[in-house]
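Only the coordinates and a few stated rules stand behind these numbers; no lab work does. The structure presented is a predicted model; accordingly, all values stated were derived computationally and were not measured. Cβ placement follows ideal geometry from the backbone for every residue including glycine, while neighbour counts extend to all protein chains displayed.
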Amino acid sequence: MNRLRIGTRGSRLSLAQTDWVVNRLQARFPQLSVETITVKTTGDRFEETPIPQLARTAVSASSTKGLFTKEIEEALLDGRIDVAVHSLKDLTSELPAGLTLGAVTEREDPRDCLISREGMPFNELPTGGVIGTSSFRRRVQLLQLRPDICVVELRGNLDTRLRRLHEGQCDALVVAFAGVKRLGREAEVTEIFPLEQVLPAVGQGSLALELRSLNSEVSRYVGPLDHQPSRLAALAERAFQHRLEGGCQVPLGAYAWLEGAVGDAPGVAALHMRGFIADLEGQEVIASSCQGSLDQPEPLGRQLAEQLLAQGADRIVAAIRVRRT
């Protein structure tokens, strides 16, 4: 097999991410022919529709699971493509039967950043300043830091949101710094939020290369792009999300990282993790942290989720589920 068909969304960021993957594949396998196939997802087709509203419509069945991945995964299962390139944070915590995570790329900077129209840092925005984001996770954490600001729904790809910012629809945006870097627009960033202030989405910063299970030929190509520390972090974070039944409508964030994994004595390395969950208004925020061994990332993620559940996270999830129906 010397030809791969790679499926991706059609946004500039998605195509830039796919180009990054293609360049690395062809550098390692010069004889490999790669075709990029764009697939329009439900989230792309209804870009103007707020996510909570989209969840209540027929186009998304009864949930927002797979808003940005479902159609691409169907193309994988149908054999129309061989590999799917996703932002890992868009993938549901449980993959469809017959698909597997072939590689998790080395994590780019996972933090969120502020892009302000007037170049004002977050703490200098005026009272009532309007920040645009489509993320409940970001909204809750921003209001924890500044209850006096206004956070509004602003969907669309990064280019669309930046255009709306400069048209005056809001005073600032909060977006993933990784996406801004991949588009080469770092100069527009006003401020990067420390992880101690704003926890990222599960998997934020890594790309996911998804393929059909037991496809050894395709796995041979994409396997070398797998970055083990990033995969371990992703497994822990995704297990945390899965145990809490969290999706894009549940305000939760998590970040796992390795310490002592490079250049230290055997046995020193450990996997650390922090996570939180909140109600939709941010009135109740539950956070915790834990650490464990590198060979058990998923149990570590579930352990952190159990810590939050013991503090009332189950009540939060149940209340959100009722509001969704």
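When every alpha-carbon pair in the range 186-286 is counted, what percent end up more than 18 Å apart? The answer is 61 percent, as a whole percent. A simple spin-label model places pseudo-atoms 7 Å from Cα toward Cβ; at S293 and I37 they are separated by 4.3 nm. Amide H to amide H, with H built 1.01 Å from N, V202 comes under 5 Å of A254, counting only residues 5 or more places away or on other chains. Amide H contacts of I37: I6, G7, T8, each under 5 Å away and 5 or more positions distant or on a separate chain (H built 1.01 Å from N in the peptide plane; Pro and chain starts excluded).
Would you work out if the chain is rounded, prolate or oblate? Take a ≥ b ≥ c from the square roots of the eigenvalues of the alpha-carbon gyration tensor; rounded if a/c is under 1.5, else prolate when a/b is larger than b/c, oblate otherwise. Rounded, because the longest to shortest axis ratio a/c is under 1.5.
For the chain, what does the relative contact order come out to in percent, with C-alpha contacts under 8 Å and a separation of six or more? With pairs under 8 Å counted, the relative contact order is 19 percent. Ranking L143, A178, G128 by how far each Cα lies toward the positive end of the dipole of the range 112-192 (charges on Cβ) leaves A178 at the top. Along the range 76-87 the Karplus relation, 6.51 cos²θ - 1.76 cosθ + 1.60 evaluated at θ = phi - 60°, assigns HN-Hα couplings of 5, 5, 7, x, 7, 9, 9, 9, 10, 10, 10, 5 Hz to successive residues, with x for each Gly and Pro. Orientation-averaged projection of the range 112-192 equals 4.6 nm² [convex hull of Cα atoms, one quarter of hull surface area].
Local charge for L183 was computed over the other residues whose Cβ lies under 10 Å away, with Lys and Arg +1 and Asp and Glu -1, and equals +1.
Placing unit charges on each Cβ (+1 for Lys and Arg, -1 for Asp and Glu) gives the range 240-324 a dipole about its Cα centre, and among L308, G292, G282 the Cα reaching farthest toward its positive end belongs to G282.
Simple point charges give the picture: +1 on the Cβ of Lys and Arg, -1 on the Cβ of Asp and Glu, and for the range 171-325 a dipole about the Cα centre of about 460 debye.
The tail of the calculated P(r) for the range 72-229 beyond 19 Å holds 59 percent of all Cα-Cα pairs. Taking amide H as placed 1.01 Å from N in the peptide plane, the amide H of V151 sits under 5 Å from that of I131, each at least 5 places away or on another chain. Within the range 240-324, the ratio Rg/Rh, alpha carbon atoms throughout and Rh by Kirkwood, equals 1.07.
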